Amino acid sequence: MTVPTALLSHASTEHYTPQFILDAVIACMGAIDLDPASNSTEIPNVPAAKHYTIRDNGLVQPWEGRVFLNPPFGPGVEVWFSKLYQERLAGRTTEAIVLWKSATETAAWKTLTALSCRVCFLSARIHFIRPMGNESGSTFSPALFYVGVGPKRFEMAFDEIGQVWMVPGRRYYSRQEQR
């Protein structure tokens, strides 16, 4: 019996971002300074200035500038969102876009949206790129989350991909505002 491709998409935590999403990320932020969960530093999927791979452990490195995060999917994903939250509060991450799923009932969702952000609910499920280069189906409804000072840029860049919503959460205060 052959198992449908979509059912195998969780067999690996490696789900590379499709080009049309990367194009929208760059249109929004201008460039990507860091991919903290990269597949490779030699041949990365994400065109970022800096890449942390599993060997670098992006969870213990500083996340500076404009960050694009497509975390390893699976148990424990919330630690990636907690790291983003801490890096944003510390002022190192100026803006970020995160590719994840629209699972509003999870602790990971609550952690991710605690920064007050915009969310693009994609109009269709996406096909991720697998490590071998072929496409995989998606077994969930993906979403893209934006945290930063350019929510209008995010809305314009992602308008054709899906609906952009404001997610109310705790307001982010810069270091200057906290004083």
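The values are calculated or read from the model by the stated rules, or taken from the named source; none is laboratory data. All of these numbers come straight from a predicted model, not from anything done at the bench. Every residue, glycine among them, receives a Cβ derived from its backbone with ideal geometry; neighbour counts consider all protein chains shown.
Couple of notes before you dig in:
- Residues (more than 23 Å from Val164 (Cβ to Cβ) and assigned to a loop (DSSP other than H, G, I, E, B)) located in the range 59-112: Gln61, Pro62, Trp63, Glu64, Pro72, Gly74, Pro75, Gly76, Ala90, Gly91, Arg92
- Selection count, the range 80-97, where residues are surrounded by fewer than 21 Cβ atoms within 10 Å (Cβ to Cβ), of a type in the set (A, V, I, L, M, F, W, C) and modelled with pLDDT of 95 or more: 1
- Figure legend. Inter-residue proximity from the range 59-86: first residues of a type in the set (Asp, Glu), second residues outside any loop (DSSP other than H, G, I, E, B) and surrounded by fewer than 18 Cβ atoms within 10 Å (Cβ to Cβ), beta-carbon distance below 6 Å, spacing 6+ or different chains. Indicated pairs: Glu78/Ala107.
- Qualifying positions in the range 142-172 - at pLDDT 65 or above, more than 14 Å from the chain's Cα centre (by Cα) and part of a loop (DSSP other than H, G, I, E, B): Val149, Gly150, Asp159, Glu160, Ile161, Pro168
- Applying the condition of being closer than 20 Å to Leu144 by Cα and β-branched (Val, Ile, Thr) to the range 38-79 and asking which residue is surrounded by the fewest Cβ atoms within 10 Å (Cβ to Cβ) yields Val79.
- Test: residue in the range 38-54 that is closer than 19 Å to Leu112 by Cβ, of a type in the set (Val, Ile, Thr), modelled with pLDDT of 95 or more and touching a helix residue (DSSP H, G or I) at 6+ places or on another chain (Cβ under 8 Å): no
- Residue in the range 12-32 that is at pLDDT 90 or above, acidic (Asp, Glu) and assigned to a helix (DSSP H, G or I) present: yes
- Just so you know, in the range 113-135 the residues that are at pLDDT 80 or above and assigned to a strand (DSSP E or B) include one that is surrounded by the fewest Cβ atoms within 10 Å (Cβ to Cβ), and it is Phe121.
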